[in-house]
Amino acid sequence: MAAYGQARRHGEPTAQPAAAPRIGSAYQRSPAATRRPSGATTQATGQTQQDAPQLQASHPRAPLLSVDQVSLEYRTPRHVVQATQRVSFEVHEAERYVLLGPSGCGKSTLLKAAAGFLQPREGAIRLDGREVGGPGPDRVVVFQEFDQLPPWKTVLQNVMFPLQASRTLRGAAAQERALHYIDKVGLSKFTHAHPHELSGGMKQRVAIARALAMQPRVLLMDEPFAALDALTRRRMQELLLQLWDDVRFTLLFVTHSIEEALVVGSRIAVLSPHPGRLRAELNSHDFDLSSAGSPAFQATAQRIHHLLFEHEHDQAETPAPDRDARPQSTARTSALEAAA
């Protein structure tokens with residue numbers, strides 16, 4: 001039951017000064033984009049949403065999930081590592097919100113904190129306005145590992161298990177709901193199969209069915225398709241979007257793939273690493289799998305790539321200092337220090 005988390009509510013981000021880059025057509029709001037939050041802002045490193053320019057003047061609803069100035073850290077045998085620094089964002093009901101960034105940006109750590117597995121060193125995470133204090137059935141996590149299913153349980157038993165363990169449903173009611181979501185992910189013929197009889201993609205379908213059967217306030221997915229081959233990954237992305245069209249759940253999704261973020265998300269938070277900071281936030285509801293090869297999609301992907309790695313480009317373009325051109329006194333001091 002480690003994947004199920006208890007929650008609480010709301011929060012308001014604090015101040016960061018400058019405006020962030022606007023990223024192509026991802027900022028063109030469609031008339032149907034009524035689900036987009038009021039704080040659909042863009043922001044550069046060091047900004048907060050309060051002072052960043054807003055794409056939408058106001059939003060009639062409070063956010064479902066609020067991450068407010070959250071700093072997270074974890075311990076290794078030798079060090080205390082700061083994973084994120086004062087990250088703020090809001091997720092509204094029925095939104096598909098993606099945390100995108102390279103390794104070391106704290107995206108998975110943020111998701112674990114939203115699930116209630118980690119407590120922030122600074123700031124607060126709120127669900128429905130109440131502060132998250134630990135795991136609970138209102139947040140369910142789907143991980144990328146295929147071994148998240150108990151191997152001795154059948155597909156049906158795996159999907160029923162959290163319903164029964166959390167006392168959400170029992171007996172025939174639990175079985176009925178489990179069968180409903182097993183059917184939604186296309187595995188009705190495999191209800192009595194065990195995990196070792198399933199492919200990797202099928203195991204992830206079971207994990208998604210198990211999560212949706214709990215009908216959580218927020219579905220949390222931590223790079224769920226990263227270990228799949230390219231074709232299966234695309235099919236799983238299609239399935240996820242079909243399920244969202246049908247169920248309209250709220251999704252917090254972690255990925256390091258720019259293309260996957262644009263396809264899966266309706267909004268994307270771009271995180272910079274070491275420690276993780278909110279680099280930019282953009283709307284991506286104009287894109288889906290059918291637009292993945294379009295010029296607008298590719299141009300937006302390139303701009304996001306530049307946002308993620310522009311500090312590396314800047315460093316690469318800065319010429320290294322000529323060691324031989326240093327003042328003689330500096331060179332002598334360095335030699336003495338080396339000898340010492």
With 193, 207 as the choices, which residue is within 18 Å of residue 147 (Cβ to Cβ) and under 21 Å from the mean Cα position of the chain (by Cα)?
-> 207
Residue among 297, 249 that is in contact (Cβ under 8 Å) with a residue 12 or more places away in the chain and part of a loop (DSSP other than H, G, I, E, B) | 249
Only one of 267, 279 that is closer than 12 Å to residue 99 by Cβ, at pLDDT 95 or above and not β-branched (Val, Ile, Thr) | 267
Which number in (1) in the same structural domain as residue 221 (by the TED database); (2) part of a loop (DSSP other than H, G, I, E, B) marks the one condition that residue 78 misses?
-> (1)
Among the residues of the stretch 151-162, is there at least one that is of a type outside the set (Gly, Ala, Ser) and under 28 Å from residue 66 (Cβ atoms)?
-> yes
Checked against (1) farther than 15 Å from residue 250 by Cα; (2) at pLDDT 95 or above; (3) out of contact with any helix residue (DSSP H, G or I) (no Cβ under 7 Å at 6 or more places or on another chain), residue 120 satisfies every condition except (3)
Of the candidates 213, 209, the one satisfying the condition of being under 19 Å from residue 235 (Cα atoms) and in contact with a Phe, Trp or Tyr (Cβ under 8 Å, 6 or more places away or on another chain) is 209
Give the residue that is nearest to residue 218 (Cα to Cα), with candidates limited to residues of the stretch 135-164 that are out of contact with any strand residue (DSSP E or B) (no Cβ under 9 Å at 6 or more places or on another chain) and among the charged types (D, E, K, R).
-> 145
So residue 243, is it touching a residue at least 40 places away in the same chain (Cβ under 8 Å), closer than 21 Å to residue 92 by Cα and aliphatic (A, V, I, L, M) | yes
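The values are calculated or read from the model by the stated rules, or taken from the named source; none is laboratory data. Owing to the predicted nature of the structure, the values given are computational and were not obtained by experimental measurement. Please note: Cβ atoms are built from the backbone with ideal geometry, for glycine as well, and neighbour counts cover all protein chains shown.
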